[in-house]
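This report concerns only the one structure given below.
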Amino acid sequence: MYTTKKQAFALAEVLITLAIIGIIAALTIPNLMRKYTKLQTVTQLKASYSLLQQAIKLSELENGNLASWDYTLERKAFFEKYLEKYLKMEKKKLRNDNSYKDIQYKWLNGNNISGSYKESSSQTYSATLINGSIIHFHSGPNLTTTIMVDINGHKKPNRVGVDLFHFAILPKYGLQPWGYGNQQTNEGQSSFGTDYDRDKIMSASYEYACNKTRFGRWCTALIMRDGWEIKDDYPWDF
């Protein structure tokens, strides 16, 4: 009668196996985390966009078409007249109150943004949506109401194109991302209604482009143009 003896793994074999597992984890886990963070970012951005869109449509039922709204109003007055009643917000709203800690935002290229983006600035009127996003209504020229959406509130990185995204309400085109369907060029206000192509949105030749060397205001347009997706060539690493 034959018998077989169970062979135990040698210590060297165990160590080699663990090393291989470690290498695989080191290569795959960061990529998986990056994909998850991108997906979460798009989900939060889309939710805030939907809340704003819904508020605008509800407001139009009472206040008439967007084209008839008074865009000469100061930001606080504009917000209170046309949007506050229709937005789903937290009970605590941020209102140009110096008791709140200002957020130091950065452009996509890493440079600090000036004080006009701060909640205590006279140029900005801010509120917190029910999903936790902070929206900043900013004074803008030429019948433009700029809206910055901070999808995770005071949490970092507080960076344009990463967790801070730009929209605009325009009389003719409604709620649009910067650089797509509105006026956004750094040469002037002559291109209202222009749907920029993808290469232009990402080109380093433009101040507001979604490019790691530029400001990043057009990153919202890039995400929406790409079907609400942050693709591999998006300047995500920061």
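The values are calculated or read from the model by the stated rules, or taken from the named source; none is laboratory data. What you are looking at is a predicted structure, and each value in this text was computed from that prediction instead of being measured. Here the Cβ is made from the backbone with ideal geometry for all residues, glycine too, and neighbour counts use every protein chain on show.
Name the one entry in 28, 37 that is among the β-branched types (Val, Ile, Thr), at pLDDT 90 or above, within 29 Å of residue 162 (Cα to Cα) and out of contact with any Phe, Trp or Tyr (no Cβ under 7 Å at 6 or more places or on another chain).
Just one listed residue meets the conditions, 37.
Can residue 63 be described as out of contact with any Leu (no Cβ under 9 Å at 6 or more places or on another chain) and either modelled with pLDDT of 95 or more or over 24 Å from residue 228 (Cα atoms) (or both)?
Answer is yes for this residue.
When residues of region 40-50 are filtered for being over 14 Å from residue 168 (Cα atoms) and in contact (Cβ under 8 Å) with a residue 24 or more places away in the chain, how many remain?
6
Would you tally the residues in region 44-77 being touching a Phe, Trp or Tyr at 6+ places or on another chain (Cβ under 9 Å), within 29 Å of residue 222 (Cβ to Cβ) and among the polar types (S, T, N, Q)?
3
So in region 88-128, with the set limited to residues that are hydrophobic (A, V, I, L, M, F, W, C) and modelled with pLDDT of 90 or more, which one is surrounded by the most Cβ atoms within 10 Å (Cβ to Cβ)?
Only one residue fits best here, namely 108.
Every residue in region 57-75 that is over 23 Å from residue 160 (Cβ atoms) and part of a helix (DSSP H, G or I), please.
The answer is 57, 58, 59, 60, 61, 62, 63, 66, 67, 68.
Does any residue of region 12-21 turn out to be part of a loop (DSSP other than H, G, I, E, B), farther than 30 Å from residue 235 by Cβ, over 44 Å from the mean Cα position of the chain (by Cα) and modelled with pLDDT under 80?
Within region 12-21, not a single residue is part of a loop (DSSP other than H, G, I, E, B), farther than 30 Å from residue 235 by Cβ, over 44 Å from the mean Cα position of the chain (by Cα) and modelled with pLDDT under 80.
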